[in-house]
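Shown next, in structure tokens, is the structure this report addresses.
The values are calculated or read from the model by the stated rules, or taken from the named source; none is laboratory data. On a predicted model such as this, the values are computed, not experimentally measured, just so you know. Cβ: placed from backbone, ideal geometry, glycine included. Neighbour counts: every protein chain shown. Keep in mind that these areas ignore ligands, DNA and RNA; they rest on the heavy atoms of the full protein, side chains included. Shrake-Rupley method; radii C 1.70, N 1.55, O 1.52, S 1.80 Å.
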Amino acid sequence: MYRIALLVAVVLAPLGCTNVNQMHKLYQEGDHSQLDRIMEIVSRQDYPYATRRKAARILGEIGDPRAVPVLKMALQDYDQRTTLKQDALRALGTIGDQSAALDIGRLLNYSLNTADSELRMAAIEALGQMGGTKAAEILVNALDYYDMLTLRSEQRTPRGVFTGEEISPYPYGRMHPDSTDGPRRYPNVGLDPFGEGGQPRVSMFGTPIEPTQMEYDPTPEERTLTHQALTTVGADAIPVIENHLDSLRVSRPTLRKELLAIISEITGVSPVVEADSTVSDL
């Protein structure tokens, strides 16, 4: 009986209370071996979720680049909760290792079909903090995507012929399925992340996204944050933006104006005023 109790205690030990704050304190006092222990906590799913989150935040405070591989692995965590990923993203942004940019970009790809705007915004902020060419490329593509969503949304909003005001398609409540006749598609994205045939899509974990989750459109907030992140990247973003402006894909006046404004904010030089264009690739 004693041996069984001892075995159970050994097995359950990792699941018990772990004082990550104490480990951090010891690290600050000079015991740098604690860094390995804190990284191990983040990487192991048998530790309590809250403990792993705390460990990820501490890794960001420590700022040691050796923690980057562990934090990047945390971005692939299969738990339906995303707060650990958000903490890992903030830590990566604080550390500033640009090698994590591609991993963050992939996370953004997979998060498009979810309602978790907080995760995407944490990723956008982290890219802005770490900077570099790859982060700038991802942020410019994100801005392009948000501009496309904005224009699509505006085109799908009916306006009164006589007043020009927006008209709700369901003034007395929604009674029929969406009249879009199938899923909408966006360039380089695929199916409309906001639903298919009036039905909510499933998240990246296979769980349904409730209709109430889709009532709030985070696009304007995410777009503003992307603009700010590109400005934070600074000079490294300018050649990436200029290349995007020169590409055939950029014919939307709203996007061109915003990209030029970002260059102006970075350089402190007023943007060149371009003639308005009615060309649209929608």
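Ranked from highest to lowest mean number of other Cβ atoms within 10 Å per residue, what is the order of the peptides 46-53, 219-226?
Packing proxy ranking, top to bottom: 219-226, 46-53.
For a Förster distance of 30 Å, can you work out the FRET efficiency between the beta-carbons of ASP246 and GLU154, rounded to the nearest 0.05?
It comes out at approximately 0.70.
Quote the charge dipole size of the stretch 32-161 about the Cα centre in Debye, to the nearest 20; the model charges only the Cβ of Lys and Arg (+1) and of Asp and Glu (-1).
Dipole size: approximately 240 debye.
In whole Hz, with x marking every Gly and Pro, tabulate ³J(HN,Hα) for the stretch 53-63 from phi via Karplus 6.51 cos²θ - 1.76 cosθ + 1.60, θ = phi - 60°.
Listing the rounded values in order: 4, 4, 5, 5, 5, 5, 4, x, 5, 5, x Hz.
Subtracting the Cα-Cα distance from 0.36 nm times the residue separation, let me have the gained length for ASN109 to GLN45 in nm, one decimal.
20.7 nm
Starting from the residue with the highest accessible area, list LYS134, LYS54 in decreasing order, probe 1.4 Å.
Output order, biggest surface exposure first: LYS134, LYS54.
Tally Lys and Arg at +1 and Asp and Glu at -1 over the other residues with C-beta under 12 Å from the C-beta of LEU35: what net charge comes out?
My count for the surroundings of LEU35 gives -3.
For LYS257, LYS72, what's the largest-to-smallest order of accessible area, 1.4 Å probe?
Numbers: LYS257 155, LYS72 45 Å².
I get LYS257, LYS72, largest accessible area first.
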